[in-house]
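A.B. asks: Below is one structure. I have some questions about it.
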Amino acid sequence: MKKPLLLALLSTVLYLPSEPPPRERALINDNRAPAGRLASGVLTLDLEARVATWYPETDSGPSVDVQAFGEVGKRPQIPGPLIRVPAGTTVQLSMRNAIPNTMLVVHGLSRDSIRVASGETQRARFKLDVPGTYYYWGSTSGRRLGNRMHEDAQLTGAIVVDASPRVQPSTPPRDRILVIGLMADTMGGEDVLSREHLLFVINGRTWPHTERLVYAMGDTIRWRVLNTTVDPHPMHLHGAYYRVEATGNGTRDSTFAVDDRPFVNNGYLPPGRTMTLFWTPEHPGNWLFHCHIPEHFSFRGPLGALPSHDASRAHGATNHALQRMSGLVMGVTVRPRNGAASARDDDSRRRQLRLLVRTKPGSTPATPYYGFSIHERGAEPAVDSGPRAGPPIILVRGQPVGITVVNRTEEPTSIHWHGIELESYFDGVAGFSGIEQRLTPVVAQRDSFEARFTPPRAGTFMYHTHVDEERQQRAGLAGMLVVLEPGQKFDPSSDFPVLLSSPSDSVSELTRVLINGSLTPPPLSLRTGVSYRMRFANITTRRSGIQLALSRDGTVTTWTQIAKDGADVPRERRVPTAARVGLTIGDTRDVEFTPTERGEMRLDVLTASSKLLGAIVIHVR
Ligand SMILES: [Cu+2]
């Protein structure tokens, strides 16, 4: 609208604001530059909470006004300014509340929370003594850390206390700090199926706009990952394992003894928890580090809006990674070593399999029903209407394999070999896996793609679609991948895969899981005195809190955990424990047990609050 000329002139002369001044932009904080002034063992830090405009995608993308911490005289940051000091540093803090009409309560700085009314400044003096990873957080809504949803949900900053420089030379830290944040409209929980707005960010940005971390082969990569959200996050690393060095809850951080460090590719990060991890890439190329809950990394609209029904169909997407994922994902690029020879391809020894991906009877476009079949020799197996999960693929450690994924469905797909340490190009993230210009293509309708790898480790892994994950995994595109030691035979009478997935209809999904693709898995027949192995895998789409329990007459028995995520528990650390274990999305776990008495046993699949989701009945003879 045109302003009347006189008013326009007056505005010019008198600088009358014609509209409110634009808010200042929040800086995206990569958590590399510590805040404040450090001198003689004292950090002077003047913080302020203000309202700022946040751009979680790109500098010119959609934006939202939120509350943010900043240093006084500098721009606000999301996440808040990094406090990073050597152990023993005294912090001289001032905290100002520049948000109108609020009571700001800040936790994690000094022993007590700091309450600051609008326009006021509070001071605190405290010492940071214990090395580790922590965070501070504020609220103006009176909510707890994870329950902040809108305006105050980004009032979070990392605190890192480094070992004293007298102990450790003061080289610039090479670790990276990744703060997971969330803005949502409802809190969620086990039974909430869809949240309208759900914006997951890492260091203030959502995928594919999160920072791309670049390393060289042989680098030790060290991350401090902070979950300041209400949701748990199983953090899956593609193509490699990491060691968890420490875990914390924001105010306490515990370092594992060297021998106790979990060795995983899928580490569980509950709400409010932190973990410090490290890994050394052995393969160059592009790798993902992402939450394995599809709702947390599937494609969403601007500012995390639930995409419209049409937009949620991936049929046209050719670049899955960039067009069909968002949220809680980091991309890592590992540069090849100069002059390093690529792995020698020995085709004469390569076992060739075809993995047929086909539409099953009963499939509809709205609720697709797809199946995997393995075709190794002879005629192609017929399409069956059996279990809604792929058959186990049995491979041998050290034996090269070529698995040709043949897509005969009506939508593009791509298969990820979950937990296998392989070349990036075969990792299955269409549009992302690979090196430089050679990126994995999506497997289009009526097309195929040969994944080549040599499993370096015997154990329990998975193969599953990495396209439109929620839809295609529920359609049935997930199975177990078992890698045996050379010379070992797979014995289905003593070795039991137990793959958990989600039913495709939303009513069953509320109360049940599929066990090996079935709501009614057949009972197992065991004999006393025989040792059995069970291989558990959770590829459900929303059941991150699953517990598995083996019991007799209502009493949990004992078993021995022998592997997690495909990596063996060292023999000397294998001890019988109570037969109950958590299995989050993306986890695999192997246990061994020997029945000692005849009778009936049960393997129950339970929610975190012990509601029954499914069971296998076991007859011991
Ligand atoms: Cu998550």
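A.B. asks: Taking into account only those residues within region 102-116 that are more than 32 Å from the chain's Cα centre (by Cα) and of a type in the set (A, V, I, L, M), which is nearest to ARG252 (Cα to Cα)?
C.D. replies: Looking at the filtered set, the residue picked out is ILE114.
A.B. asks: Test of understanding: among MET187, MET217, MET235, which residue is within 16 Å of the ligand (Cβ to nearest atom) and at pLDDT below 95?
C.D. replies: Just one listed residue meets the conditions, MET187.
A.B. asks: Can you confirm whether ALA87 is surrounded by 15 or more Cβ atoms within 10 Å (Cβ to Cβ), free of Cβ contacts under 8 Å to residues at least 60 places away in the same chain and within 28 Å of SER164 (Cα to Cα)?
C.D. replies: In short, no.
A.B. asks: Now for a different question. Identify, please: which residue in region 323-341 is over 17 Å from the mean Cα position of the chain (by Cα) and either at pLDDT below 90 or within 16 Å of the ligand (Cβ to nearest atom) (or both) and is, among those, most open to solvent (accessible area, probe 1.4 Å)?
C.D. replies: ASN338
A.B. asks: Take the residues in region 524-553 that are among the aliphatic types (A, V, I, L, M) and under 30 Å from ASP505 (Cβ atoms), then tell me which one is most open to solvent (accessible area, probe 1.4 Å).
C.D. replies: For region 524-553, the residue satisfying everything is LEU524.
A.B. asks: Okay, moving on. Which residues, counting only those in region 252-285, are away from the ligand (no atom under 16 Å from the Cβ) and β-branched (Val, Ile, Thr)?
C.D. replies: THR255, VAL258, THR276, THR280
A.B. asks: Taking region 220-231 only, how many residues are at pLDDT 95 or above and within 11 Å of the ligand (Cβ to nearest atom)?
C.D. replies: 1
A.B. asks: For region 554-569, enumerate the residues that are touching a residue at least 60 places away in the same chain (Cβ under 8 Å) and open to solvent by 50 Å² or more (accessible area, probe 1.4 Å).
C.D. replies: Of everything in region 554-569, just one residue is touching a residue at least 60 places away in the same chain (Cβ under 8 Å) and open to solvent by 50 Å² or more (accessible area, probe 1.4 Å), namely ASP568.
A.B. asks: Has region 257-268 got any residue that is at pLDDT below 95, of a type in the set (D, E, K, R), on the phi < 0 side of the Ramachandran plot and open to solvent by less than 20 Å² (accessible area, probe 1.4 Å)?
C.D. replies: Checked region 257-268: no residue is at pLDDT below 95, of a type in the set (D, E, K, R), on the phi < 0 side of the Ramachandran plot and open to solvent by less than 20 Å² (accessible area, probe 1.4 Å).
A.B. asks: Please enumerate the residues belonging to region 49-78 that are part of a strand (DSSP E or B) and exposed (fewer than 15 other Cβ atoms within 10 Å of the Cβ).
C.D. replies: Correct list: ASP65 only.
A.B. asks: If you take just the strands (runs of 3 or more DSSP E) that sit entirely in region 502-621, which of them hold at least 1 residues that are over 27 Å from PRO455 (Cα atoms) and of a type in the set (Ser, Thr, Tyr)?
C.D. replies: Qualifying strands (runs of 3 or more DSSP E): 524-526, 547-552, 558-564, 576-578.
A.B. asks: Further question on the same structure: Considering (1) open to solvent by 20 Å² or more (accessible area, probe 1.4 Å); (2) touching a strand residue (DSSP E or B) at 6+ places or on another chain (Cβ under 9 Å); (3) more than 24 Å from PHE263 (Cα to Cα), say which one LEU510 fails and leave the rest.
C.D. replies: (2)
A.B. asks: Same structure again: Looking at ASP495, is it under 30 Å from PHE432 (Cβ atoms) and open to solvent by 10 Å² or more (accessible area, probe 1.4 Å)?
C.D. replies: When the stated conditions are applied, ASP495 does not pass them.
A.B. asks: Just to check your reading of the model, which residue among THR555, THR594, THR588, THR540 is touching a helix residue (DSSP H, G or I) at 6+ places or on another chain (Cβ under 9 Å) and hydroxyl-bearing (Ser, Thr, Tyr)?
C.D. replies: THR540
A.B. asks: Checking ARG354 against (1) part of a strand (DSSP E or B); (2) open to solvent by less than 10 Å² (accessible area, probe 1.4 Å), which single condition isn't satisfied?
C.D. replies: It is condition (2) that ARG354 fails.
A.B. asks: Whether any residue in region 238-251 is modelled with pLDDT of 95 or more, within 16 Å of the ligand (Cβ to nearest atom) and open to solvent by less than 10 Å² (accessible area, probe 1.4 Å) is what I want to check.
C.D. replies: Yes: one or more hits.
A.B. asks: For a quick check of your reading of the model, give me the residue pairs whose first member lies in region 455-475 and is under 27 Å from GLY487 (Cα atoms), whose second is assigned to a helix (DSSP H, G or I) and not hydroxyl-bearing (Ser, Thr, Tyr), with beta-carbon atoms closer than 7 Å and at least 6 apart or on different chains.
C.D. replies: Close Cβ pairs (under 7 Å, with a partner that is assigned to a helix (DSSP H, G or I) and not hydroxyl-bearing (Ser, Thr, Tyr)) amount to HIS464/GLN473.
A.B. asks: Okay, moving on. Does THR540 qualify as being under 23 Å from the mean Cα position of the chain (by Cα) and polar (S, T, N, Q)?
C.D. replies: It is true that THR540 is under 23 Å from the mean Cα position of the chain (by Cα) and polar (S, T, N, Q).
A.B. asks: Here is a check on your reading of the model: is PRO34 open to solvent by 50 Å² or more (accessible area, probe 1.4 Å), touching a Leu at 6+ places or on another chain (Cβ under 7 Å) and either at pLDDT 95 or above or not charged (D, E, K, R) (or both)?
C.D. replies: For PRO34, the condition - open to solvent by 50 Å² or more (accessible area, probe 1.4 Å), touching a Leu at 6+ places or on another chain (Cβ under 7 Å) and either at pLDDT 95 or above or not charged (D, E, K, R) (or both) - is met.
A.B. asks: Among the residues of region 435-443, is any within 22 Å of PHE496 (Cα to Cα) and either in a strand (DSSP E or B) or in contact with a Phe, Trp or Tyr (Cβ under 8 Å, 6 or more places away or on another chain) (or both)?
C.D. replies: No; the residues of region 435-443 include none that is within 22 Å of PHE496 (Cα to Cα) and either in a strand (DSSP E or B) or in contact with a Phe, Trp or Tyr (Cβ under 8 Å, 6 or more places away or on another chain) (or both).
A.B. asks: Out of all the residues in region 367-404, which are free of Cβ contacts under 8 Å to residues at least 24 places away in the same chain and either of a type in the set (D, E, K, R) or closer than 15 Å to PRO503 by Cβ (or both)?
C.D. replies: ARG377, the sole residue that qualifies.
A.B. asks: Evaluate the following for ARG224: is it open to solvent by 70 Å² or more (accessible area, probe 1.4 Å) and more than 21 Å from SER326 (Cβ to Cβ)?
C.D. replies: In short, no.
A.B. asks: Here is a check on your reading of the model: is PRO486 in a loop (DSSP other than H, G, I, E, B), at pLDDT 95 or above and closer than 17 Å to ILE403 by Cβ?
C.D. replies: no
The values are calculated or read from the model by the stated rules, or taken from the named source; none is laboratory data. All values reported here derive from a predicted model rather than from experimental measurement. So basically every Cβ, Gly included, is an ideal-geometry build from the backbone, and we count neighbours across all protein chains shown. The area values use the complete protein model at the heavy-atom level, side chains included, leaving out ligands, DNA and RNA. Shrake-Rupley method; radii C 1.70, N 1.55, O 1.52, S 1.80 Å.
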